[in-house]
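Please read the structure below before turning to the comments.
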Amino acid sequence: MISRSAENEADRRLFLKSAGVAGLGVVGAGALGAGAAAPAQAAGISDGAVLNFALNLEYLEAEFYSYAAFGEGLPDKLTSGKGKKGGVKGGRQVSFKTPAVRRYAEEIAGDELAHVKFLRTALGSAKVSRPAIDIQGSFTAAATAAGLIQPGQTFDPYANEDNFLLAAYIFEDVGVTAYKGAAPLIKNKTYLEAAAGILAVEAYHAGIVRSALYGKGLNKAAKAISDARDSLDGKTWLDQGIGYSGAANLVPTDKNGVAFSRSAGQVLNVVYLNPKSVTKGGFFPRGVNGAINRSA
């Protein structure tokens with residue numbers, strides 16, 4: 001059973017106030033991606049543990065986009081907390097050729113920074129620190145697994161805007177499916193509305209990236225990344241490319257037009273770049289901080 005995190009009642013009240021649900025009772029423990037837990041485990045997952053899991057992922061996205069858009073990572077004051085603090089390997093500003101793509105990067109970077117600030121404020125003294133993040137070798141490993149490059153070659157996500165968009169595509173669809181997977185576990189309707197708002201932002205980001213890739217004719221590369229993601233998170237088909245047989249597929253859905261879901265464990269399979277049950281690897285070489293840290 002996943003152990004409860006160390007947040008206290010003051011931290012809990014701070015979160016409820018920050019999320020706009022003060023006085024409405026305890027937030028559902030399944031919020032923001034706790035779907036990896038079995039029923040017995042879910043009962044032992046605290047609100048703080050789930051939010052800290054989300055914070056780890058927001059650290060990763062914020063660092064990736066901040067470097068791409070502005071050439072620098074998160075300020076040090078936004079990286080402290082519980083658990084072992086790690087550095088960031090890789091990252092530099094992209095020389096964008098298309099003004100619109102540069103503006104996409106800047107706007108998304110701002111949103112991800114806001115998510116980090118919000119979650120850190122909400123968690124108070126229970127917040128985890130930024131874990132060690134690899135945005136250099138991890139992308140090379142992901143691109144090699146997808147067949148975009150040959151073994152021994154290097155994939156630099158910051159070399160040009162096409163590489164940047166392909167790298168962003170690795171993250172964005174995963175974020176959408178993670179928030180979608182958490183929806184049935186959220187009890188408090190006011191908090192469900194807040195989580196839906198974050199999901200909407202991630203979906204907007206995914207739509208921007210998918211549309212930009214389609215406009216550049218990068219369907220084949222995107223399909224390779226989609227297939228590689230699907231090979232990591234289990235046998236169920238949860239991923240789609242951006243176009244098939246000349247038709248656009250900018251909105252990945254099932255036959256009912258509904259977005260797919262991923263559990264927290266499946267999300268970790270993707271970011272750890274490992275289909276097995278492990279606690280570190282890929283973009284998080286020493287694992288994520290907090291109680292939820294094992295892939296499915």
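Are there any pairs with C-beta distances below 6 angstrom linking a residue in the range 222-236 that is in contact (Cβ under 8 Å) with a residue 12 or more places away in the chain to a residue that is assigned to a helix (DSSP H, G or I) and among the polar types (S, T, N, Q), with the two at least 6 apart or on different chains, and if so which?
Correct list of pairs: LEU232/ASN269; ASP233/GLN266; ASP233/ASN269.
Please count how many residues of the range 219-243 are crowded, with 19+ Cβ neighbours inside 10 Å and either touching a Phe, Trp or Tyr at 6+ places or on another chain (Cβ under 9 Å) or under 21 Å from PHE283 (Cα atoms) (or both).
Filtering the range 219-243 down to residues crowded, with 19+ Cβ neighbours inside 10 Å leaves 221-222, 225-226, 228-229, 232-233, 238-243.
Next cut, either touching a Phe, Trp or Tyr at 6+ places or on another chain (Cβ under 9 Å) or under 21 Å from PHE283 (Cα atoms) (or both) only: 221-222, 225-226, 228-229, 232-233, 238-240, 242-243.
Adding up the residues that qualify gives 13.
Among (1) open to solvent by less than 60 Å² (accessible area, probe 1.4 Å); (2) out of contact with any helix residue (DSSP H, G or I) (no Cβ under 6 Å at 6 or more places or on another chain); (3) of a type outside the set (Val, Ile, Thr); (4) not in a helix (DSSP H, G or I), where does ASN256 come up short?
Of everything listed in (1) open to solvent by less than 60 Å² (accessible area, probe 1.4 Å); (2) out of contact with any helix residue (DSSP H, G or I) (no Cβ under 6 Å at 6 or more places or on another chain); (3) of a type outside the set (Val, Ile, Thr); (4) not in a helix (DSSP H, G or I), ASN256 misses just condition (1).
Would you say ASP156 is in contact with a Leu (Cβ under 9 Å, 6 or more places away or on another chain), within 18 Å of GLY90 (Cβ to Cβ), modelled with pLDDT of 95 or more and open to solvent by 10 Å² or more (accessible area, probe 1.4 Å)? Steps first, please.
On the way: in contact with a Leu (Cβ under 9 Å, 6 or more places away or on another chain): no; within 18 Å of GLY90 (Cβ to Cβ): yes; modelled with pLDDT of 95 or more: yes; open to solvent by 10 Å² or more (accessible area, probe 1.4 Å): yes.
So ASP156 does not fit the description; no.
Could you list, in sequence order, all residues of the range 51-90 that are open to solvent by 30 Å² or more (accessible area, probe 1.4 Å) and in a loop (DSSP other than H, G, I, E, B)? Can you show your working first?
Initially, the range 51-90 is screened for residues open to solvent by 30 Å² or more (accessible area, probe 1.4 Å), giving 57, 67, 70-72, 75-77, 80-85, 87-89.
The answer is GLY71, GLU72, PRO75, SER80, GLY81, GLY83, LYS84, LYS85, GLY87.
Pairs only if they're at least six apart or on different chains, beta carbon under 7 angstrom, first in the range 67-87 and of a type in the set (S, T, N, Q), second open to solvent by less than 20 Å² (accessible area, probe 1.4 Å); list them, first residue then second.
THR79/SER129; SER80/SER129
Of the residues VAL288, VAL270, which is within 14 Å of the chain's Cα centre (by Cα), at pLDDT 90 or above and assigned to a helix (DSSP H, G or I)?
Answer to the selection: VAL270.
Anything in the range 115-137 that is modelled with pLDDT under 95 and either over 23 Å from ASN293 (Cα atoms) or in contact with a Pro (Cβ under 9 Å, 6 or more places away or on another chain) (or both)? List them, or say none.
Those that are modelled with pLDDT under 95 and either over 23 Å from ASN293 (Cα atoms) or in contact with a Pro (Cβ under 9 Å, 6 or more places away or on another chain) (or both): ILE135, GLN136, GLY137.
Checking the structure you have, find out if any residue of the range 126-134 is touching a Phe, Trp or Tyr at 6+ places or on another chain (Cβ under 7 Å), within 16 Å of PRO75 (Cβ to Cβ), buried (at least 19 other Cβ atoms within 10 Å of the Cβ) and free of Cβ contacts under 8 Å to residues at least 60 places away in the same chain.
Within the range 126-134, not a single residue is touching a Phe, Trp or Tyr at 6+ places or on another chain (Cβ under 7 Å), within 16 Å of PRO75 (Cβ to Cβ), buried (at least 19 other Cβ atoms within 10 Å of the Cβ) and free of Cβ contacts under 8 Å to residues at least 60 places away in the same chain.
Picking from LEU232, LEU250, which residue would you name as being within 18 Å of ALA212 (Cβ to Cβ) and touching a Ser or Thr at 6+ places or on another chain (Cβ under 9 Å)?
Working: LEU232 fails: within 18 Å of ALA212 (Cβ to Cβ).
Checking each option against the conditions leaves just LEU250.
Which of the residues that make up the range 103-129 are more than 15 Å from the chain's Cα centre (by Cα) and of a type in the set (Val, Ile, Thr)?
THR121, VAL128
The values are calculated or read from the model by the stated rules, or taken from the named source; none is laboratory data. Bear in mind the structure is a predicted one, so any value in this text is a computation, not a measurement. Every residue, glycine as well, gets a Cβ built from its backbone with ideal geometry; the counts of neighbours run over all protein chains shown. What goes into the accessible areas is simple: the full protein's heavy atoms, side chains included, and nothing from ligands, DNA or RNA. Shrake-Rupley method; radii C 1.70, N 1.55, O 1.52, S 1.80 Å.
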